[in-house]
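The values are calculated or read from the model by the stated rules, or taken from the named source; none is laboratory data. In this text the structure is predicted, and so the values were computed from the model without any measurement. Glycine also receives a Cβ, built like all others from the backbone with ideal geometry; neighbour counts cover every protein chain displayed.
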Amino acid sequence: MILHCVFCSFNSDASQADRTAILSDLAGFSQTLDGVLAFDFGANHDFENKSPAVTDGFVIRFRGRQALAAYADHPTHKVLGARLCDLCEGGADGVMVVDLVCGD
């Protein structure tokens, strides 16, 4: 299984409605793909004061690398990813991705 963790630093002028819309659209899209096990998203509460620039994030659980690759290469993902970047500080620089391989 792969945990695809995405951390966003949304622009201060990005409305809550726009933030929720893009994350909801990504969630809805991901659930249409084979090999996606779960999608969770929410605001960063930063309880340990380690990530003040990160405003929101999401995690997608993929069955494996093939499912992640299908997601990454999908034209809808590219459109949604561009929308996400448009809402973030510095565009793509305002998005951090961490992929964790869990189990064998």
query: Which residues, taken from region 33-81, are assigned to a loop (DSSP other than H, G, I, E, B) and closer than 21 Å to residue 2 by Cβ?
result: 33, 34, 35, 54, 63, 64, 74
statement: Scanning region 91-104 residue by residue, those in contact (Cβ under 8 Å) with a residue 24 or more places away in the chain and either part of a loop (DSSP other than H, G, I, E, B) or of a type in the set (Val, Ile, Thr) (or both) turn out to be 95, 97, 98, 101, 102, 103
- request: Starting from region 9-37, keep only residues that are at pLDDT 95 or above, then list their pairs with residues that are basic (Lys, Arg) and part of a helix (DSSP H, G or I) whose Cβ atoms are within a distance under 6 Å, requiring at least 6 positions of separation or different chains.
  value: 10/19; 22/83
Tally of residues being surrounded by 11 or more Cβ atoms within 10 Å (Cβ to Cβ) and among the polar types (S, T, N, Q) across region 32-65: 3
field: Single condition residue 63 does not satisfy, out of (1) in contact with a strand residue (DSSP E or B) (Cβ under 7 Å, 6 or more places away or on another chain); (2) more than 21 Å from residue 102 (Cβ to Cβ)
entry: (2)
- prompt: Identify, please: which residue in region 66-104 is surrounded by fewer than 16 Cβ atoms within 10 Å (Cβ to Cβ) and small (Gly, Ala, Ser) and is, among those, farthest from the chain's Cα centre (by Cα)?
  reply: 103
